1. Ser126 - would you say it is part of a helix (DSSP H, G or I), touching a residue at least 40 places away in the same chain (Cβ under 8 Å) and surrounded by 15 or more Cβ atoms within 10 Å (Cβ to Cβ)?
2. Could you check region 133-175 and list, in sequence order, the residues that are under 16 Å from Ile33 (Cα atoms) and either open to solvent by 40 Å² or more (accessible area, probe 1.4 Å) or among the charged types (D, E, K, R) (or both)?
3. Name the single residue, out of those in region 176-189 being touching a helix residue (DSSP H, G or I) at 6+ places or on another chain (Cβ under 7 Å) and not small (Gly, Ala, Ser), that is surrounded by the most Cβ atoms within 10 Å (Cβ to Cβ).
4. Taking region 156-165, which residues are within 13 Å of the chain's Cα centre (by Cα) and of a type in the set (A, V, I, L, M)?
5. What helices (runs of 4 or more DSSP H) completely inside region 1-85 contain at least 3 residues that are modelled with pLDDT of 85 or more and open to solvent by 40 Å² or more (accessible area, probe 1.4 Å)?
6. Test of understanding: among Ile46, Ile33, Ile59, which residue is free of Cβ contacts under 8 Å to residues at least 60 places away in the same chain and in contact with a Lys or Arg (Cβ under 6 Å, 6 or more places away or on another chain)?
7. Does region 106-123 hold any residues that are in contact with a helix residue (DSSP H, G or I) (Cβ under 7 Å, 6 or more places away or on another chain) and either among the hydrophobic types (A, V, I, L, M, F, W, C) or in a helix (DSSP H, G or I) (or both), and which are they?
Amino acid sequence: LYLDSADKFEDNLNKFYQKNSLQGHVLFALSVIENQQQYPLMLKLIDTLAEPLQNTEAIQIQKAFALFELKQFDDAENILSRFEQSQSFHAIKWYMKGRLMENRGDLAQAANYLSTYYQALPSFHSVNSLANVLIKENRHSDVVSLAKEYLKNFPNDSSACLSLALKLAPTHPKFALTLFKSEHVQWLI
């Protein structure tokens, strides 16, 4: 997606998905697309997923986030309302507040909300969302600390490890290399 057009990316993504259809791999691909703010492409990918995976809470929440970014608030709210009884729902509210603050340019407040989201629901999505805002604030050393904490608690999350390594490569190449060399990231690559 960084190097090619969205059309070429879709072809590459289809090849990737045929060999790597696990939810974690799909979430990694969605995070790459989200990072490039290609929200229609996120929705298109989600709509092509097989039925059981497409309807999982994690994927549906990603869909709601993409709709939220596209200012389709009613559709996003309809999806999120399905998960109101879920323990993760309260954490998602912190995410939504964080993204609103980020969109308004208040990165410090966005980082606070997203940090609360991460603490309430440590996951691939929450760690990446927080890392993105911290990077925008030029708080790269905080991203290193966040990566160390997350990967200590979730050492097998190869998608998050790879994503964090890519984010840190420009500013902390030595640390990023240690993440790239981890056994689980090697399997993913």
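The values are calculated or read from the model by the stated rules, or taken from the named source; none is laboratory data. Not measured: the values here are computed from a predicted model. FYI the Cβ positions are ideal-geometry reconstructions off the backbone, even for glycines, and counts take in every protein chain you see. The accessibility values were calculated without ligands, DNA or RNA, using every heavy atom of the protein model including side chains. Shrake-Rupley method; radii C 1.70, N 1.55, O 1.52, S 1.80 Å.
1. Numbers: part of a helix (DSSP H, G or I): yes; touching a residue at least 40 places away in the same chain (Cβ under 8 Å): no; surrounded by 15 or more Cβ atoms within 10 Å (Cβ to Cβ): yes.
No.
2. Within region 133-175, Leu166, Lys167 qualify.
3. Taking region 176-189 and keeping what is touching a helix residue (DSSP H, G or I) at 6+ places or on another chain (Cβ under 7 Å), we get 176, 179-180, 182, 184-185, 187-188.
The next check asks that each one be not small (Gly, Ala, Ser); those that pass are 179-180, 184-185, 187-188.
Numbers: Leu179: 24, Phe180: 16, His184: 17, Val185: 20, Trp187: 9, Leu188: 16.
Step by step, filter region 176-189, then rank; the result is Leu179.
4. Within region 156-165, Ala160, Leu162, Leu164 qualify.
5. Numbers: elements: 6-19, 23-35, 39-48, 51-54, 57-69, 73-81.
Fully inside region 1-85 and qualifying: 39-48.
6. Numbers: Ile33 fails: in contact with a Lys or Arg (Cβ under 6 Å, 6 or more places away or on another chain); Ile59 fails: in contact with a Lys or Arg (Cβ under 6 Å, 6 or more places away or on another chain).
Criteria check complete, one pass: Ile46.
7. First, pick out the residues of region 106-123 that are in contact with a helix residue (DSSP H, G or I) (Cβ under 7 Å, 6 or more places away or on another chain): 107, 109-111, 113-118, 120-122.
Scanning region 106-123 gives Leu107, Gln109, Ala110, Ala111, Tyr113, Leu114, Ser115, Thr116, Tyr117, Tyr118, Ala120, Leu121.
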